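Take a look at the structure below.
The values are calculated or read from the model by the stated rules, or taken from the named source; none is laboratory data. These figures come from a predicted structure and were not determined experimentally. Heads up, the Cβs are rebuilt from the backbone with ideal geometry, glycines too, and the neighbour counts pull from every protein chain shown. Just so you know, the surface numbers come from the protein's heavy atoms only, side chains and all, with ligands and any DNA or RNA stripped out. Shrake-Rupley method; radii C 1.70, N 1.55, O 1.52, S 1.80 Å.
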Amino acid sequence: MEDFLAGWIGGATSVIVGHPLDTVKVTGFFKGMSFPLASIAVYSSVVFGVFSNTQKFLTQYRSGESSHSPSLSDLILASMLSGVVSVGLGSPVDLIKIRLQMQTQPFLKANLHLKPRPKDLWNQPKYQGPIHCMTSIIRNEGLVGLYRGANAMLLRDVPGYCLYFIPYVFIYEWITPENYTTSNPYTVWLAGGIAGAISWGTATPMDVVKSRLQADGVYCNKYKGVMDCISQSYQKEGLKVFFRGITVNTIRGFPMSATMFLGYELSLRILRRDQTVTNS
């Protein structure tokens, strides 16, 4: 349980650091932090909890002791499972966030193929907030509408979390002195930041596709699926479109992940210390 709570704390702190750059990454500025703070905190809680507990289970099943260092196969399986779980929980959250960010664009700029509207409606937002956005999607597209872009997110997150948790574990072990028995905050921060930069940088092409699929539907539907989105995007804008935002993603990935891992590890240390004191 402490892994889930520590993940929640780590996720909450990362939002404060990464929120400004996250708004730049898409198209506009999301007013207020209550929705990303609540959603990403829960999202991180589940992802970190699933990874940690899966890795412990696999290590214990393999060696009989959870204290042994996890093997590469344990880390890969735990990371992949975290990626799958993240899509089930995070796809609706990401969809709502992107829809709210996309509606900051003028109506005609978002889609030049639609009939003109009165000028006073050009910038009128379609959604009044996260709840209204969610209920509107369900009413117009059904529950399945909340998972628009889930296939692209799956293709992003399964390898993405492998390139998130595995580099963190190996970098942390590599730069940690042998005589250290507890996690060093600077080591955690640095390893987490590098892992985040690697993960978000390599995930950029599929993140572009995911974001386009999720933004699709604010005013009209242009894409039939992942492959159609890739095809249309490539034909219209070339290969460079899939690397749009890679610099922001990489830069954003470092402080967000550094803060997330640091918050997670420090919270976990405090929670386990309190649990030890309580049990004694």
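Tabulated values for the structure
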item: Square roots of 5 times each gyration tensor eigenvalue, C-alpha, segment 148-244, largest first, Å; result: 37, 12, 10
item: Restraint check, LYS97/LYS222; LYS97/LYS126; LYS126/LYS236; LYS210/LYS236, Cα-Cα greater than 25 Å; result: LYS126/LYS236
item: Dipole-positive endmost among GLY201, LEU239, THR176 within segment 148-244 (Cβ charges, Cα centre); result: LEU239
item: Between segment 170-209 and segment 226-273, the alpha-carbon center distance in angstrom; result: 13 Å
item: Relative contact order (percent, whole number), segment 148-244, Cα cutoff 8 Å, 6+ residue spacing; result: 37 percent
item: Ranking by accessible area, most exposed first, for LYS97, LYS126, LYS236, LYS210 with a 1.4 Å probe; result: LYS236, LYS126, LYS97, LYS210
item: ³J(HN,Hα) computed for each position of segment 169-179 - Karplus, 6.51 cos²θ - 1.76 cosθ + 1.60, integer Hz, glycine/proline x; result: 4, 6, 5, 4, 5, 5, 9, 8, x, 5, 7
item: Formal net charge of residues neighbouring PRO92 (Cβ-Cβ distance under 15 Å; K, R +1; D, E -1); result: +2
item: Top positive-direction residue, dipole computed over segment 148-244 with Cβ charges, set CYS229, CYS162, VAL188; result: CYS229
